[in-house]
Amino acid sequence: MSDLAWWQRGVIYQVYPRSFQDENGDGVGDLAGITARLHYLRALGVDAIWISPVYPSPMVDFGYDVADYCAIAPVFGTLGDFDRLVVHAHELGLKVLLDFVPNHSSDKHPWFMDSRSSRDNPKRDWYLWRDPAPDGGPPNNWLSRMGGSAWEKDTVTGQYYYHAFLREQPDLNWRNADVRTAMDRVLRFWLDRGVDGFRVDVLWLLIKDALFRDNPPNPQFKAGEPDHHRQLQTYTEDQPEVHDIVRSMRATLDEYGERVLIGEIYLPVPQLVSYYGPNGDGTNMPFNFQLINAPWNATEIARIVSEYDHALPLHAWPNWVLGNHDNRRVASRIGPRQARVAAMLLLTLRGTPTLYYGDEIAMADGVIPPDRVQDPAELRQPGIGQGRDPERTPMQWDGSPNAGFSSGVPWLPISGGDGINVVHQDGKASSMLTFYRCLLALRRSERALVEGAMERVVSSGNVHTYERRLGGDRLFIALNMAGADAPVEAPEGTLLLSTTEGHEGKRIEGPSLLLAGDEGIVIRASKPT
Ligand code: GLC
């Protein structure tokens, strides 16, 4: 028997609450809506949901601008609704993770309103205030991830404050001990209400250079990239002191038993894995986003998979992510046929998978008419492809005009697509939903897929193969990452699952077979070697 934690065995499903299910007809999803759909998630076969922010917020960045860390925004419901969601989820055996946004608050948070009110307010040092440069301009050259200078001059006191994102999202000063204490209370507030863990927003950005030195220029910058790519983020991200903070967050979670701390961290693998902490006392999982950004071909993916596996410290548990609310949907990035191959990859790799809502029915990016754009990333830097509305369109439950999401006018248009909804795909052998259910069931029934070692990771032409081994069990996975048929060396055994329906249980003779274009297969080898 292994002693893996629930978050190591389980599969996480990200719910973007504005877009999952609207119960009160205002066009925006809510907590009662999520609760109503928990049975769907249980039947799908996931183990935990991570809910993007549901706190009171002016919604300039759709909840990632928090005005009160210990309450629920009326548009999403009440604390009572939240408690009911947690109770019901737990009854169904589902864990609930919240999104913790500690790097910045809303400019409407009482902490910031106090902080900006005068230079000697006790909360002044809770945020990053600096005098203007001698010419009256910003204190240094730091750039916002939403475009332009990261410094905003405040007329009340004549100083500038720092915001890594929008000016409505001032960064908190994590060098201040009172900020740390206040944020620790926030974690405890939700842990006491029964949450099972957190996804921590932009964890690698929490600490900035104490000397506020200018970032150096980025020699690789290409026109059309987001503004802040003009600079290397030498002094604004991944500062060594961040690890103390991570350790103390983790220590708080550990007081509550088996909880999970996941970090949103976009860094190259060598830096990324340092967020596990030198003694496994950092995040339980720093999100591994490589599959989102990688060129989609067998050589690249095989390289990423084996390099990551080798880079992991001994105590570290891997994880993989295919999509989220900040990136184009997988079905649009690589096409619906390869999206099935990607699903098989995600759910047969070693490590905890995180699914993004709607990917299980192959939802594609929505088309957002200019007058319906909501995302500030698009509104503030139009035309450079940073807009995130396309991947945030409402979940498609059925084929009705509002897709069963809302009886009102949905806050974003429905993406649509022929047969891309739960009702249509339910029970249909060839559907993406059925395929996801089969994959999730396979992962549940085959211990080797969860606990097994990752071996023989190779690519040959367009085919990526690997094995998952546990004791005498040997599962062989082959993924054809292109549209043309391709031969593959395969062991003798039984076909457990194929991206092309209807072959399960088939005997595989080996030593080679022909994979159809865009086909992926899982074989149980009859011999252990
Ligand atoms: C994270 C969130 C993103 C948000 C940003 C600022 O990257 O995932 O949606 O805009 O942080 O909070």
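So here's what we get for this one:
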read-out: The range 69-110, residues that are within 16 Å of the ligand (Cβ to nearest atom) and open to solvent by 20 Å² or more (accessible area, probe 1.4 Å); value: Lys108
read-out: Among (1) open to solvent by less than 20 Å² (accessible area, probe 1.4 Å); (2) under 20 Å from Ile292 (Cβ atoms); (3) not in a loop (DSSP other than H, G, I, E, B) - the single one Gln271 does not satisfy; value: (1)
read-out: Hits in the range 426-477 - residues which are open to solvent by 60 Å² or more (accessible area, probe 1.4 Å) and among the β-branched types (Val, Ile, Thr); value: Val458
read-out: Subset tally (residues that are under 18 Å from the mean Cα position of the chain (by Cα), in a helix (DSSP H, G or I) and more than 17 Å from Leu143 (Cβ to Cβ)) for the range 375-392; value: 4
read-out: Residue in the range 112-125 that is within 16 Å of the ligand (Cβ to nearest atom) and farther than 24 Å from Ile265 by Cβ present; value: yes
read-out: Filter result for Arg18 (among the basic types (Lys, Arg) and within 16 Å of the ligand (Cβ to nearest atom)); value: yes
read-out: Residue within the range 177-199 that is among the basic types (Lys, Arg), within 20 Å of His104 (Cα to Cα), within 16 Å of the ligand (Cβ to nearest atom) and open to solvent by less than 10 Å² (accessible area, probe 1.4 Å) present; value: yes
read-out: Pair list, Cβ < 7 Å and 6+ apart or interchain, from the range 124-143 residues that are without any contact (Cβ under 8 Å) to a residue 24 or more places away in the chain to residues that are of a type in the set (A, V, I, L, M, F, W, C); value: Pro138/Trp151
read-out: Residue in the range 372-392 that is nearest to the ligand (Cβ to nearest atom), counting only those that are among the small types (Gly, Ala, Ser) and open to solvent by less than 60 Å² (accessible area, probe 1.4 Å); value: Ala377
read-out: Selected residue (only one of Val409, Val341, Val423 is aliphatic (A, V, I, L, M), outside any loop (DSSP other than H, G, I, E, B) and either open to solvent by 50 Å² or more (accessible area, probe 1.4 Å) or in contact with a Cys (Cβ under 8 Å, 6 or more places away or on another chain) (or both)); value: Val423
read-out: Given (1) within 16 Å of the ligand (Cβ to nearest atom); (2) in contact with a Leu (Cβ under 7 Å, 6 or more places away or on another chain); (3) more than 18 Å from Gly197 (Cα to Cα), index of the condition Ile51 fails; value: (3)
read-out: Filter result (open to solvent by 50 Å² or more (accessible area, probe 1.4 Å) and either within 24 Å of the chain's Cα centre (by Cα) or small (Gly, Ala, Ser) (or both)) within the range 217-231; value: Ala223, Gly224, Glu225, His229
read-out: Residue check, Asp131 at pLDDT 95 or above and open to solvent by 30 Å² or more (accessible area, probe 1.4 Å); value: yes
read-out: Complete set of residues in the range 1-39 that are crowded, with 17+ Cβ neighbours inside 10 Å, assigned to a helix (DSSP H, G or I) and not aliphatic (A, V, I, L, M); value: Trp7, Gln8, Pro17, Arg18, Ser19, Gly33, Thr35
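The values are calculated or read from the model by the stated rules, or taken from the named source; none is laboratory data. All of these numbers come straight from a predicted model, not from anything done at the bench. Reconstructed Cβ throughout: ideal geometry from the backbone, glycine too, with neighbour counts over all protein chains shown. Just the protein is used for accessible areas: all its heavy atoms, side chains included, with ligands, DNA and RNA removed. Shrake-Rupley method; radii C 1.70, N 1.55, O 1.52, S 1.80 Å.
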